[in-house]
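J.: Here it is: the structure, laid out below.
The values are calculated or read from the model by the stated rules, or taken from the named source; none is laboratory data. No experiment lies behind these values; they were computed from the predicted model shown. As a convention, Cβ positions derive from the backbone with ideal geometry for all residues, glycine included, and neighbour counts pool all protein chains shown. Accessible surface is based on the protein model in full, side chains and every heavy atom, while ligands, DNA and RNA are left aside. Shrake-Rupley method; radii C 1.70, N 1.55, O 1.52, S 1.80 Å.
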Amino acid sequence: MATAVAILRGEATGGSGGTRYQIASISKQFAAVSALMLAGRGALRVDEPITRWFPDAPDTWRTITLHHLLTHTSGLGHWADIPGFVPAEAMDL
């Protein structure tokens, strides 16, 4: 437990308050709940195409909705399988 607290405080070796960690699938549940809470408040609709938020997305993504992303039925593969995709560039690191 002390190690986790040290990491969160930025006191662990190699980490700081601005350090980004790849936390795998842990955040998926939080993102899904957040999206559904926003939908419940009327701030967004899960049946809207994701191009609302990603207007420069490829044409093949035009029919993908937030519901598809939340239910893993969009047909999109893993980000590592996208040719030329560099995560650090996408995250503006």
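J.: Identify, from the list Thr19, Thr73, Thr63, Thr13, the residue that is surrounded by fewer than 12 Cβ atoms within 10 Å (Cβ to Cβ), part of a loop (DSSP other than H, G, I, E, B) and modelled with pLDDT of 85 or more.
T.: Thr73
J.: Residue check: is Asp47 part of a loop (DSSP other than H, G, I, E, B), closer than 29 Å to Thr19 by Cα, open to solvent by 80 Å² or more (accessible area, probe 1.4 Å) and of a type in the set (Asp, Glu)?
T.: When the stated conditions are applied, Asp47 does not pass them.
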